[in-house]
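The values are calculated or read from the model by the stated rules, or taken from the named source; none is laboratory data. This one's a predicted model, so the numbers in the text were calculated from it and none came from an experiment. Ideal geometry is used to build each Cβ from the backbone, glycine not excepted, and the neighbour counts take in all protein chains shown. The area values use the complete protein model at the heavy-atom level, side chains included, leaving out ligands, DNA and RNA. Shrake-Rupley method; radii C 1.70, N 1.55, O 1.52, S 1.80 Å.
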Amino acid sequence: QVQLVESGGGLVQPGGSLRLSCAASGIIFTFYTMGWYRQAPGKQRELVADISSGGRTNYADSVKGRFIISRDNAKKMVYLQMNSLKPEDTAVYYCYANGGILDYWGKGTLVTVSS
């Protein structure tokens, strides 16, 4: 059974930092591009960042220079370091595994940026 379990969300003040983690199980991790999506209230889900098994990264323009995605293939973990957080970063953040033919989603973790 495939599972993607996110953790690390919470409430943070503007300008603060959070680190999200995603633990994957049930997949051959190195076969998958891993990513983070987010969905804010009333908005469509959007890609935040993704990372190939070889470490190539891709970021949404809105988070470039502030967020860093990384992965640990041995631990089957993917991380999202979020710095200089803004209120508009408030959303549910979802871990995503893209295997080309099959893809999987976590249940999400809420990030709230507010003073």
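Restricting attention to region 33-45, does a residue exist that is under 23 Å from Ile101 (Cβ atoms), out of contact with any Lys or Arg (no Cβ under 9 Å at 6 or more places or on another chain) and not small (Gly, Ala, Ser)?
The answer is yes; a qualifying residue exists.
Scanning region 84-103 for residues that are touching a Phe, Trp or Tyr at 6+ places or on another chain (Cβ under 8 Å) and open to solvent by 50 Å² or more (accessible area, probe 1.4 Å), which turns out farthest from Gln3 (Cα to Cα)?
Asn98
Residue-by-condition table, conditions (1) farther than 13 Å from Gly108 by Cβ; (2) surrounded by fewer than 12 Cβ atoms within 10 Å (Cβ to Cβ); (3) acidic (Asp, Glu); (4) free of Cβ contacts under 8 Å to residues at least 24 places away in the same chain:
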site	(1), (2), (3), (4)
Leu11	yes, no, no, no
Cys22	no, no, no, no
Gly26	yes, no, no, no
Gln44	yes, yes, no, yes
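In region 104-115, how many are touching a helix residue (DSSP H, G or I) at 6+ places or on another chain (Cβ under 7 Å) and loosely packed, with under 15 Cβ neighbours inside 10 Å?
1
Residues being within 18 Å of Val12 (Cα to Cα) and open to solvent by 60 Å² or more (accessible area, probe 1.4 Å): count how many of those fall in region 64-80.
Adding up the residues that qualify gives 1.
Do you know which residues across region 63-84 are without any contact (Cβ under 8 Å) to a residue 12 or more places away in the chain and either among the hydroxyl-bearing types (Ser, Thr, Tyr) or not in a loop (DSSP other than H, G, I, E, B) (or both)?
Answer for region 63-84, where residues must be without any contact (Cβ under 8 Å) to a residue 12 or more places away in the chain and either among the hydroxyl-bearing types (Ser, Thr, Tyr) or not in a loop (DSSP other than H, G, I, E, B) (or both): just Asp72.
Can you pull out every residue in region 1-49 that is over 22 Å from Ala60 (Cβ atoms) and among the small types (Gly, Ala, Ser)?
Ala23, Ser25, Gly26
Got a sec? Which of Ala91, Ala97, Ala40 is at pLDDT 95 or above, farther than 14 Å from Val111 by Cβ and hydrophobic (A, V, I, L, M, F, W, C)?
Of the residues listed, the single one that is at pLDDT 95 or above, farther than 14 Å from Val111 by Cβ and hydrophobic (A, V, I, L, M, F, W, C) is Ala97.
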